[in-house]
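Throughout, read-outs are computed from the coordinates displayed, never taken from laboratory work. Bear in mind the structure is a predicted one, so any value in this text is a computation, not a measurement. Quick reminder, even Gly has a Cβ in these numbers, built from the backbone with ideal geometry, and neighbours come from all protein chains shown.
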Amino acid sequence: MHKALLFFFLTSSYLLQAQVQGGEHVFEFLRLAQSPHITALGSMVVSSPAKDMMLGAANPALLRPEFHTHLGINYNMYYANTKVSNVMYAYHAKSFKLLSALACNI
């Protein structure tokens, strides 16, 4: 009898599901693409020869020394009045062979 009750409680708790308000993911807005170009590419930027510095927001390996002192400003509008704007600045230090980028999402 005890084994039957234990089996019942273990299997019934496995089948129960709790309701989650607001969907399955909490920070879903972090999945939004950082620029319209990234959105047009399907939000997956593996490699691209384009001269768009904002692709570095999705894949930092795409930043190149030719982006020295470039400033990128993007504004993306989504459905349900969701808007994403960001600013990105790149600087290439030749003496250190270092390319750095500073990005701010608003």
Mean residue ellipticity at 222 nm from the helices of the chain, using -39,500 (n - 2.57) per DSSP H segment of n ≥ 4 over the full residue count, to the nearest 500 deg cm²/dmol? -5000 deg cm²/dmol
Only Cα pairs within less than 10 Å get springs; with that Gaussian network setup on the chain, which residue of Ser48, Ser95, Ser85 has the largest fluctuation? Ser95
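If you add up the charges near Ala90, with Lys and Arg at +1 and Asp and Glu at -1, over every other residue whose beta carbon is less than 10 angstrom from its beta carbon, what do you get? Display every interim value, and only then the final one.
Details: positive: Arg64; negative: Glu66.
Within the 10 Å Cβ shell, the charges total 0.
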The farthest towards the positive end of the charge dipole of the chain, of the residues Val84, Ile38, Gly56, given +1 on Cβ of Lys and Arg and -1 on Cβ of Asp and Glu, is Gly56
In nm, the gap between the two label points placed 7 Å beyond Cα toward Cβ at Ala61 and Ala93 is 2.4 nm
What's the magnitude of the charge dipole for the chain around its Cα centre, counting Lys and Arg as +1 and Asp and Glu as -1 at the beta-carbon? Answer in Debye, nearest 20. 240 debye
Quick one: angle between helix 2-15 and the longest Cα principal axis of the chain, in degrees between 0 and 90, rounded to 10, please. 30 degrees
Per DSSP loop assignment and a cutoff of at most 13 other beta carbons within 10 Å, the chain keeps its longest run without exposed trypsin sites (Lys or Arg not before Pro) at 1-50
Given Ser47, Asn105, Thr69, which one lies farthest toward the positive end of the charge dipole of the chain, if we put +1 on the Cβ of every Lys and Arg and -1 on the Cβ of every Asp and Glu? Thr69
